[in-house]
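Colleague: The structure that follows is given in the form of structure tokens.
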Amino acid sequence: MKKALLKCAAAAVVFLMPAVFLHAEDQPASSDGSGEEKMYQYREIVVKEKKEQPGTVVILSDEEVKRSTKSDLIGVINENIASFHTGTNRVMGYGAASSNPAKMSIRGMGVSTWGPTTGFPIFVDGIDTAAHNFSHAMPDVLGMRNVERIEVYESPQPVIFGSGAMAGAVNVITKRQGTDGYKTVLSGSYGTWNTTDDYVHHMGKLGAFDYGVYYNFRYTDGHREENVGGTECSSEFRAHNGTFRFGVELGRNFYVNLNSYYMNTVMNDPGPDDRSVNVKDLEVFDITRRGGSLSLHNAFEKAEGYIQVYYNQGDHDFTRPDTDQQTFESVDRTYAGRIQETVKLLEGNRLTLGLEYKKYGGEITKPTDKMDEEYYRDLSGYGLVEHNFAKLVTVTAGARYTNNDEYGSFTAYQGGAAVTPSKDTRIYANAAKGFTIPGIRYRFNRTGPPGLVLDTNANLDPELSIMYELGAEQVLIEGLSLAAAAYRVSVENLIEMQGPPPMKWVNVDGEITYYGGEISLKYTHEKLGGVRASYSYIDHEYKIKGKKDILGFVPKHKALLGGYLTMFNVYLGLNCEYIRDIYQDYSNNQELDNYFVLNGRIAYTFLERYQAFVNLNNITNEEYVAFRRGTGGYPVPGFNFLAGLTVEF
């Protein structure tokens with residue numbers, strides 16, 4: 001099967017390359033016909049332009065990131081997209097292992113039985129940041145401010161993103177200097193609980209060369225300190241994040257790009273507020289993750305694409321807070337390569353073909369060699385075709401074939417149609433079948449939640465999700481837009497732990513089916529500011545074998561309201577989040593609190609390049625619990641602030 005796939009891919013490349021050069025006419029994709037030579041540009045939106053996307057995709061700009069009071073991108077996404085949800089119980093960071101590791105979900109999909117999310121991948125400049133030993137993404141990787149944009153896909157994306165994109169995908173693009181010159185941003189801050197969020201970002205371009213360097217330091221003592229069994233345990237957090245990029249334009253049609261990132265986080269776990277968890281079951285998490293990619297992009301009038309190779313690694317070391325004894329140690333690695341080319345041979349038509357290889361896995365050496373060094377190998381081929389009829393209807397269809405050396409072959413698809421009867425109206429329908437190959441932890445990793453030894457399973461089927469979606473977007477007047485969508489989701493082969501100890505990973509019999517919808521309204525005034533409101537409803541109840549259950553960490557109701565005003569160099573911004581009807585574990589009657597949180601930001605710009613700011617979090621001092629453990633919970637921080645100064649030059 002692999003040989004057949006390789007032959008097909010080779011044939012596709014052989015076929016496509018002549019087409020690329022036949023239609024290139026040495027014309028860069030960024031040309032507007034004026035004869036003026038412009039900066040080389042390549043398409044970093046991996047699927048297509050938003051207007052042609054048959055599903056729901058939200059693109060958050062760097063300005064929206066700047067306006068946020070959050071110090072991480074997951075927080076930015078959570079306060080802007082109603083169908084995305086994650087809870088946090090910390091001033092900074094999301095925790096790990098049993099201390100509430102950021103239970104993230106998109107439209108109800110994503111939360112696994114043990115771990116933050118298996119429903120969608122997080123990419124940074126094309127690098128899959130997942131910790132494959134644990135089959136989930138690492139949200140604390142995204143503590144960065146050098147962001148060009150964040151793309152959030154709210155439906156299964158199996159064709160381009162592959163295994164794991166059952167709920168959608170998050171794709172982060174870092175900034176690149178576009179014109180000759182240099183730019184530097186420095187920011188320092190200080191706030192409640194000895195909290196600081198400081199960063200420096202420098203980027204430049206000289207002729208064909210461009211580069212960017214970024215470093216961010218975040219620290220807080222945390223809002224909690226508990227004496228557990230005679231040991232002082234806090235929610236202290238420290239993180240170092242950095243990125244580096246370097247690019248070279250090779251003429252007007254090619255661009256070579258080197259990207260890398262680094263993250264080190266040390267998080268402390270204070271345990272639940274009633275101290276019902278023994279100190280030996282609390283941990284200090286020291287996590288280092290790093291990755292890099294090298295890519296060659298091409299952009300012509302009739303074709304565009306890239307070849308990319310990347311590497312990702314994570315080192316996870318956990319220790320006991322009372323004895324400093326190491327309790328857990330693991331290393332995970334990913335080696336991957338991808339080639340993708342899009343050609344426009346006909347008017348209104350785009351054909352995308354791609355080939356991807358990924359080797360991923362690692363080892364767990366403590367406690368006591370729970371997993372020897374093991375790897376999966378995936379080989380995939382995919383294709384996506386789009387055609388626009390009469391500049392009115394865009395139809396999209398695609399499929400991906402993946403062969404995994406442990407669990408066999410899988411095929412997934414997606415397709416849809418978008419109708420644009422006017423420049424102000426878009427109506428779309430989308431259907432997609434996403435899949436997740438059983439994670440390496442299900443096959444080799446015998447480490448589970450504290451106190452549990454797991455029996456691995458070599459006979460699992462991939463988790464599957466099928467989503468049908470119908471939506472519309474309408475510009476009502478200049479600056480004012482309305483969007484709405486409704487969807488149906490069915491999930492099969494959900495992987496859970498079952499049985500008496502040693503418990504075993506198994507596919508759950510039956511199908512989980514639920515419905516949801518969302519609506520959003522956004523108004524932006526070019527000079528004064530803007531207002532946005534959105535609401536998500538998820539019918540999170542379902543039945544398996546006649547037994548009622550509820551999707552864990554998925555709110556039935558989530559409402560967002562935000563606005564900002566800019567006048568006389570003063571910025572005023574407010575963001576509200578309302579969560580209602582959310583369970584951690586319905587079968588064990590673990591219901592979480594409803595809550596309403598109000599955050600704000602005040603900033604003043606002076607001497608053109610300086611900005612003083614203060615971020616106000618949980619202004620109403622709302623008390624609630626977003627995660628429970630033992631017989632207690634992890635209360636969220638009360639009112640807190642962060643004040644600082646940013647300078648650009």
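Colleague: Which numbered condition trips up GLU301, out of (1) charged (D, E, K, R); (2) open to solvent by less than 30 Å² (accessible area, probe 1.4 Å); (3) farther than 30 Å from THR646 by Cβ?
Modeller: (2)
Colleague: Which ones in the range 550-563 are open to solvent by less than 40 Å² (accessible area, probe 1.4 Å) and closer than 19 Å to GLY516 by Cα? Walk me through it before giving the result.
Modeller: Step one: list which residues in the range 550-563 are open to solvent by less than 40 Å² (accessible area, probe 1.4 Å), which gives 550-556, 558-560, 562-563.
Answer for the range 550-563, where residues must be open to solvent by less than 40 Å² (accessible area, probe 1.4 Å) and closer than 19 Å to GLY516 by Cα: ILE550, LEU551, GLY552, PHE553, VAL554, PRO555, LYS556, LYS558, ALA559, LEU560.
Colleague: Considering LYS558, LYS547, LYS543, which residue is of a type in the set (Lys, Arg) and touching a Lys or Arg at 6+ places or on another chain (Cβ under 9 Å)? Spell out the reasoning first.
Modeller: Working: LYS547 fails: touching a Lys or Arg at 6+ places or on another chain (Cβ under 9 Å); LYS543 fails: touching a Lys or Arg at 6+ places or on another chain (Cβ under 9 Å).
After ruling out the rest, the residue left standing is LYS558.
Colleague: How many residues are in a strand (DSSP E or B), in contact (Cβ under 8 Å) with a residue 24 or more places away in the chain and farther than 28 Å from ALA418 by Cβ if we restrict to the range 474-510?
Modeller: So the count comes out to 8.
Colleague: Another question, if that's okay. Within the range 526-543, how many residues turn out to be outside any strand (DSSP E or B) and either open to solvent by less than 50 Å² (accessible area, probe 1.4 Å) or acidic (Asp, Glu) (or both)? Walk me through how you get there before you give the answer.
Modeller: Keep residues of the range 526-543 that are outside any strand (DSSP E or B), which gives 526-528, 539-540.
Still in the running and either open to solvent by less than 50 Å² (accessible area, probe 1.4 Å) or acidic (Asp, Glu) (or both): 526, 539-540.
Total satisfying the criteria: 3.
Colleague: Still on this structure, I have one more. Count, please, the residues in the range 238-248 that happen to be surrounded by fewer than 19 Cβ atoms within 10 Å (Cβ to Cβ) and of a type outside the set (Val, Ile, Thr). Reasoning before the result, please.
Modeller: First, pick out the residues of the range 238-248 that are surrounded by fewer than 19 Cβ atoms within 10 Å (Cβ to Cβ): 238, 240, 244, 246, 248.
Now restrict to residues that are of a type outside the set (Val, Ile, Thr): 238, 240, 244, 246.
Within the range 238-248, residues that are surrounded by fewer than 19 Cβ atoms within 10 Å (Cβ to Cβ) and of a type outside the set (Val, Ile, Thr) number 4.
Colleague: Based on this model, can you work out whether LEU598 counts as within 22 Å of GLY191 (Cα to Cα) and either among the β-branched types (Val, Ile, Thr) or touching a residue at least 40 places away in the same chain (Cβ under 8 Å) (or both)?
Modeller: Numbers: within 22 Å of GLY191 (Cα to Cα): yes; either among the β-branched types (Val, Ile, Thr) or touching a residue at least 40 places away in the same chain (Cβ under 8 Å) (or both): no.
When the stated conditions are applied, LEU598 does not pass them.
Colleague: Let me ask something else. Identify all residues within the range 235-272 that are basic (Lys, Arg) and part of a strand (DSSP E or B); write none if there are none.
Modeller: To start, the set of residues in the range 235-272 that are basic (Lys, Arg) comprises 238, 245, 252.
Residues satisfying the conditions are ARG238, ARG245.
Colleague: Oh, and also: Could you list, in sequence order, all residues of the range 384-409 that are buried (at least 22 other Cβ atoms within 10 Å of the Cβ) and either over 23 Å from the mean Cα position of the chain (by Cα) or not in a strand (DSSP E or B) (or both)?
Modeller: Correct list: GLU386, THR394, THR396.
Colleague: Report whether or not SER163 is in contact (Cβ under 8 Å) with a residue 60 or more places away in the chain, in contact with a Lys or Arg (Cβ under 9 Å, 6 or more places away or on another chain), open to solvent by 10 Å² or more (accessible area, probe 1.4 Å) and over 30 Å from VAL647 (Cβ atoms). Explain how you work it out, then say what you get.
Modeller: Numbers: in contact (Cβ under 8 Å) with a residue 60 or more places away in the chain: yes; in contact with a Lys or Arg (Cβ under 9 Å, 6 or more places away or on another chain): yes; open to solvent by 10 Å² or more (accessible area, probe 1.4 Å): yes; over 30 Å from VAL647 (Cβ atoms): yes.
In short, yes.
Colleague: Return the residues of the range 124-160 that are open to solvent by less than 10 Å² (accessible area, probe 1.4 Å), outside any loop (DSSP other than H, G, I, E, B) and not acidic (Asp, Glu); say none if nothing qualifies.
Modeller: VAL124, ILE127, ALA131, PRO139, VAL141, LEU142, VAL147, ILE150, VAL152, TYR153, PRO158, VAL159
Colleague: Looking only at the range 364-374, filter to residues that are part of a strand (DSSP E or B) and in contact (Cβ under 8 Å) with a residue 60 or more places away in the chain; which one of those is surrounded by the most Cβ atoms within 10 Å (Cβ to Cβ)? Can you show your working first?
Modeller: Quick first cut of the range 364-374, residues part of a strand (DSSP E or B) only: 364-366, 371-374.
Then drop every residue that is not in contact (Cβ under 8 Å) with a residue 60 or more places away in the chain, which leaves 364, 371-372, 374.
Numbers: ILE364: 25, MET371: 20, ASP372: 11, GLU374: 16.
So the residue we want is ILE364.
Colleague: Any idea which of (1) at negative phi; (2) at pLDDT 90 or above; (3) surrounded by 24 or more Cβ atoms within 10 Å (Cβ to Cβ) is the one PRO54 doesn't satisfy?
Modeller: (2)
Colleague: Of the residues ARG275, ARG289, which single one is assigned to a strand (DSSP E or B), over 23 Å from ILE160 (Cα atoms) and either touching a residue at least 60 places away in the same chain (Cβ under 8 Å) or touching a Gly at 6+ places or on another chain (Cβ under 9 Å) (or both)?
Modeller: ARG289
Colleague: Could you tell me whether any residue of the range 199-220 is of a type in the set (A, V, I, L, M, F, W, C) and either buried (at least 17 other Cβ atoms within 10 Å of the Cβ) or at positive phi (or both)?
Modeller: Here is the first cut: in the range 199-220, the ones of a type in the set (A, V, I, L, M, F, W, C) are 200, 203, 206, 208-209, 213, 217.
Cutting the leftovers down to either buried (at least 17 other Cβ atoms within 10 Å of the Cβ) or at positive phi (or both) gives us 200, 203.
Yes: one or more hits.
Colleague: Being in contact (Cβ under 8 Å) with a residue 60 or more places away in the chain and open to solvent by 20 Å² or more (accessible area, probe 1.4 Å) is the filter here, so list the residues in the range 166-183 that pass it.
Modeller: Within the range 166-183, the first condition is being in contact (Cβ under 8 Å) with a residue 60 or more places away in the chain, and the residues that meet it are 166-168, 170-176, 178-179, 183.
Of everything in the range 166-183, those that are in contact (Cβ under 8 Å) with a residue 60 or more places away in the chain and open to solvent by 20 Å² or more (accessible area, probe 1.4 Å) turn out to be LYS175, ARG176, GLY178, THR179, LYS183.
Colleague: To continue, here is another question. In this structure, is SER235 of a type outside the set (D, E, K, R), open to solvent by less than 20 Å² (accessible area, probe 1.4 Å) and at pLDDT 95 or above?
Modeller: no
Yes/no matrix, rows are residues, columns are (1) under 20 Å from SER276 (Cα atoms); (2) out of contact with any Lys or Arg (no Cβ under 9 Å at 6 or more places or on another chain); (3) among the charged types (D, E, K, R):
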| residue | (1), (2), (3) |
| --- | --- |
| LEU206 | no, yes, no |
| ASP210 | no, no, yes |
| VAL213 | no, no, no |
| ARG218 | no, no, yes |
| GLY229 | yes, no, no |
| SER235 | yes, no, no |
| PHE244 | no, yes, no |
| VAL248 | no, yes, no |
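Colleague: Return the residues of the range 615-647 that are closer than 20 Å to ASN146 by Cα and out of contact with any Gly (no Cβ under 7 Å at 6 or more places or on another chain); say none if nothing qualifies. Reasoning before the result, please.
Modeller: In the first step, residues of the range 615-647 are kept if they are closer than 20 Å to ASN146 by Cα; the result is 615, 642-647.
Residues satisfying the conditions are ASN615, THR646, VAL647.
Colleague: Another question, then. Suppose the filter is in contact with a Ser or Thr (Cβ under 9 Å, 6 or more places away or on another chain) and open to solvent by 20 Å² or more (accessible area, probe 1.4 Å); does LEU351 pass it?
Modeller: Details: in contact with a Ser or Thr (Cβ under 9 Å, 6 or more places away or on another chain): yes; open to solvent by 20 Å² or more (accessible area, probe 1.4 Å): yes.
Yes: the conditions hold for LEU351.
Colleague: Only residues that are of a type in the set (Val, Ile, Thr) and open to solvent by less than 30 Å² (accessible area, probe 1.4 Å): list them for the range 249-283, please.
Modeller: Let us first name the residues in the range 249-283 that are of a type in the set (Val, Ile, Thr), namely 256, 265-266, 277, 279.
Of everything in the range 249-283, those that are of a type in the set (Val, Ile, Thr) and open to solvent by less than 30 Å² (accessible area, probe 1.4 Å) turn out to be THR265, VAL266, VAL277, VAL279.
Colleague: If you don't mind, another one. Only one of (1) at pLDDT 85 or above; (2) closer than 20 Å to SER520 by Cβ; (3) among the charged types (D, E, K, R) is not met by ASP128, so which one is it?
Modeller: Every condition holds for ASP128 apart from (2).
Colleague: Filter the range 162-197 down to the residues that are part of a strand (DSSP E or B) and closer than 23 Å to THR129 by Cα and list them by number.
Modeller: Correct list: ALA169, VAL170, ASN171, VAL172, ILE173, THR174, ASP197.
Colleague: So GLY573 passes all but one of these: (1) closer than 18 Å to ALA486 by Cβ; (2) open to solvent by less than 70 Å² (accessible area, probe 1.4 Å); (3) modelled with pLDDT of 90 or more; (4) in a strand (DSSP E or B). Which condition number does it fail?
Modeller: Going through (1) closer than 18 Å to ALA486 by Cβ; (2) open to solvent by less than 70 Å² (accessible area, probe 1.4 Å); (3) modelled with pLDDT of 90 or more; (4) in a strand (DSSP E or B) one by one, GLY573 breaks only (1).
Colleague: Follow-up question, since we're still on this one. Quick one: in the range 311-336, which of the residues that are farther than 19 Å from GLU374 by Cα and either small (Gly, Ala, Ser) or assigned to a strand (DSSP E or B) (or both) is most open to solvent (accessible area, probe 1.4 Å)? Full working, then the answer.
Modeller: Looking only at the range 311-336, we keep the residues that are farther than 19 Å from GLU374 by Cα, and these are 318-327.
Then keep just the ones that are either small (Gly, Ala, Ser) or assigned to a strand (DSSP E or B) (or both); that gives 318-319, 326-327.
Details: PHE318: 16, THR319: 38, GLN326: 60, THR327: 36 Å².
Restricting to residues being farther than 19 Å from GLU374 by Cα and either small (Gly, Ala, Ser) or assigned to a strand (DSSP E or B) (or both), the top hit is GLN326.
The values are calculated or read from the model by the stated rules, or taken from the named source; none is laboratory data. These figures come from a predicted structure and were not determined experimentally. Using ideal geometry, Cβ is built from the backbone for each residue, glycine included, and neighbour counts are taken over all protein chains shown. Ligands, DNA and RNA are stripped out before the accessible areas are found, and what is left, the full protein with its side chains, is counted by its heavy atoms. Shrake-Rupley method; radii C 1.70, N 1.55, O 1.52, S 1.80 Å.
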